[in-house]
1. Gaussian network model of the chain, Cα springs within a sub-10 Å range: biggest mean-square fluctuation belongs to which of A291, A401, A13?
2. Roughly speaking, what is the centre-to-centre gap between segment 30-61 and segment 253-304 when only Cα atoms are used, to the nearest Å?
3. Determine which residues of segment 35-76 fall in the zone a paramagnetic label at S133 would reach in this model, i.e. backbone nitrogen under 15 Å from the point 7 Å along Cα→Cβ.
4. Given +1 on the Cβ of Lys and Arg, -1 on the Cβ of Asp and Glu, and no further charges, what dipole in debye does segment 200-270 carry about its Cα centre, rounded to the nearest 20?
5. Counting only C-alpha contacts under 8 Å and six or more residues apart, can you give the relative contact order of segment 220-415 as a whole percent?
6. If the reach is capped at under 17 angstrom between alpha carbons, list the aspartates and glutamates near K247, excluding any in the same chain fewer than eight residues apart.
7. Using 7 Å Cα-to-Cβ label points, what is the R281/E26 separation (nm, one decimal)?
8. Just how far, in whole angstrom, is segment 131-174 from segment 340-399 if you go by their alpha carbon centroids?
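Each value in this text was obtained by applying a stated rule to the coordinates, not by laboratory testing. From a predicted model like this one, the values you see are computed outputs, not experimental measurements. Note: ideal-geometry Cβ built from the backbone for every residue, glycine included; neighbour counts use all protein chains shown.
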Amino acid sequence: MTAPRPTFNPARALAVRVLTRVLAGETFAAPALDAALAQARLPARDAGLATHVVYGTLRHAPMLEAALTPLLRGETHPRARALLLAGSFEKLVLGTPPHAVVSEYVGLARGARLAPPGLVNAVLRRVERPAESDETRYALPGWLLEVFRTSYGERAGGVLSNLLEPQPLWLSVTDAGVRSLEAEGHVVEPGPNGVDRVTLARPLRETAAYRKGQAQPINPASLAVVDALGDVAEQRVLDLAGGAGVKAAMLAARGAGVTSVDLMARKHDAARANLGRLGLRADFLTHDLTAPLDVPPALLVLLDAPCTGTGTLRSHPEIKLRLTPGAVGELAALQARMLPNAAALVQPGGLLVYSVCSVTPEEGPEVVRDFLAAHPDFVPEPVPELGVPTVPAGDGVLTVAEGGVDGFFITRLRRAGPASG
Ligand SMILES: C[S@@+](CC[C@H](N)C(=O)[O-])C[C@H]1O[C@@H](n2cnc3c(N)ncnc32)[C@H](O)[C@@H]1O
């Protein structure tokens, strides 16, 4: 006997399960979705639908919540809430015909036992777009809208609309990697800063280019941080808060001798494995950079500090659902403790690049302003032309978060004294 065919689409069931975990704050969308897709092994089209529903629902969640709130009384089970958000996303944003949304999601609620079918039927029939305001149009709370307006000025409208679009996959690919990806039927288009925009026909990890170390995911703005260090060939570079080593990999590929420092040893394991895949190497040190680090100073030091991630809302939309103004202050305080310890590792005449993937003034320009006031031996230097658009921000620049490029604050601080070494 064959099992009866499910009366619902497994992609949507998977999307709702992932959304439930992400909305509960248990995990981030990318690892949860990767793990669920790897286990389910859905056909490429269904995997694409699940990805679209998860990220689209998260990007539009504040607007969808405003649409659902008047229709819900009392507590809604988290799984039912995730299902209603996903159904509302398809009806109100994707423009899927309302009868199709209702029938699909009622079937899902019943077949996968995710929510009371009667509730889903009643709510999805009635849900409509909430009253138009900037908060619902851009699906952001008022305080975050203000952050974007302050940081991007007249470009803020373009940035805010862009954050609601699907995020492209950015890969730094060798020429052989491009040929290999195209031969396998993937689409490779040149993007900003020499990073390619790639549309895959199957998961990245299954491509020959990835397995052979010919392709590395990196946002064009993240690569711009590496560019801000200038020529690194044959130079010793301290990569502070190096994490899973994306920038370390780019530095090593450019011929730098990299020492990567992070609080978390497990990130070193991930970085080491990735560098091995790319045929590159670096040294690793596990250290809490809120305390001084006892290693010989270097002429080139990068501090890519931990931050709120407000520059990455297009690829990590769940951040905006969790972030509070208080968290911005806490991260700014952490950055302010780490920056002097990074500065102490810069040789006289050397260069310190400070970056955060956040667009809040507190974490970028204000941390640097306060540091410079207390460290007169450092002076800000103009950031050279980068391969992505930027706007001025205090003593540095902010990359413009448009077209899938992340918003990074980047500054160059030169230590007084003759360069030697
Ligand atoms: C923005 S991420 C780094 C990304 C990395 N540079 C890259 O390009 O892949 C910030 C990193 O700071 C690390 N971190 C957080 N607090 C730290 C501390 N007190 N000392 C050292 N590293 C810390 C985190 O573990 C995280 O890996």
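1. A291
2. The distance from the Cα centre of segment 30-61 to that of segment 253-304 comes to 32 Å.
3. 62-70, by backbone N distance to the label point.
4. The calculation lands at about 340 debye.
5. 23
6. D196, D227, D231, E234, D239, D262, D269, D283, D304, D406
7. Spacing of the two 7 Å Cα→Cβ label points: 4.1 nm.
8. Here the answer is 23 Å between Cα centres.
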